[in-house]
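Here is the structure we will look at, set down as structure tokens.
The values are calculated or read from the model by the stated rules, or taken from the named source; none is laboratory data. As the structure is a prediction and not an experimental result, all values here were calculated from the model. Here the Cβ positions follow ideal geometry from the backbone for every residue, glycine too, while neighbour counts run over all protein chains shown.
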Amino acid sequence: KFQSHPFMVFWWEEDLAQTFPSTITFLIETKLGFTSRVANGAPHQRISLDGPHGQNIPAEKYDTVILAAKGIGIAGVLAYAQYLIWMKSRKRIRTRKVDIYWELEDNQQEVWVGHYFNKLEDQSSKVMMINC
């Protein structure tokens, strides 16, 4: 049975020996059924991915980029910030500073991505300024 779930890629790990990510991390809001089984460590299941969807906004042509999110919307913001750092490390963009503003819907949300904010700041330290 085919089901649709709005998962969002919000982080990837790059293997320098490859030209593509070695690990992709999704932020999933757990509900019932499939998402609950995934959160509880169900065996791998076959999935199909589709996307990205939406409009590409070329923020990389600006010196300073301000990214804002509320709640689970941080997934797209972190992925975009990581992309900007990746592009800057290859000297392909103009951006020198990224400010990230995140409104939590509850304090528990910080647990989801706190580790990734630290990784983002570590990755950016040599190429641009990230303020979270």
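Which pairs turn up if I take residues in region 67-93 that are of a type in the set (S, T, N, Q) and look for partners that are surrounded by 15 or more Cβ atoms within 10 Å (Cβ to Cβ) with beta carbon separation below 6 Å, at least 6 apart in sequence or on another chain?
S89/V127
Just name the residue that is modelled with the highest pLDDT out of those in region 23-55 that are outside any loop (DSSP other than H, G, I, E, B) and small (G, A, S).
Quick first cut of region 23-55, residues outside any loop (DSSP other than H, G, I, E, B) only: 23-27, 34-39.
Adding the requirement that they be small (G, A, S) leaves 36, 39.
Numbers: S36: 79, A39: 74.
So, considering only residues that are outside any loop (DSSP other than H, G, I, E, B) and small (G, A, S), the one modelled with the highest pLDDT is S36.
Give the residues of region 100-122 that are surrounded by 11 or more Cβ atoms within 10 Å (Cβ to Cβ), modelled with pLDDT under 85, of a type outside the set (A, V, I, L, M) and under 12 Å from I72 (Cβ atoms), sorted by residue number.
If the condition is that a residue be surrounded by 11 or more Cβ atoms within 10 Å (Cβ to Cβ), modelled with pLDDT under 85, of a type outside the set (A, V, I, L, M) and under 12 Å from I72 (Cβ atoms), then Q109, W112 are the ones that fit.
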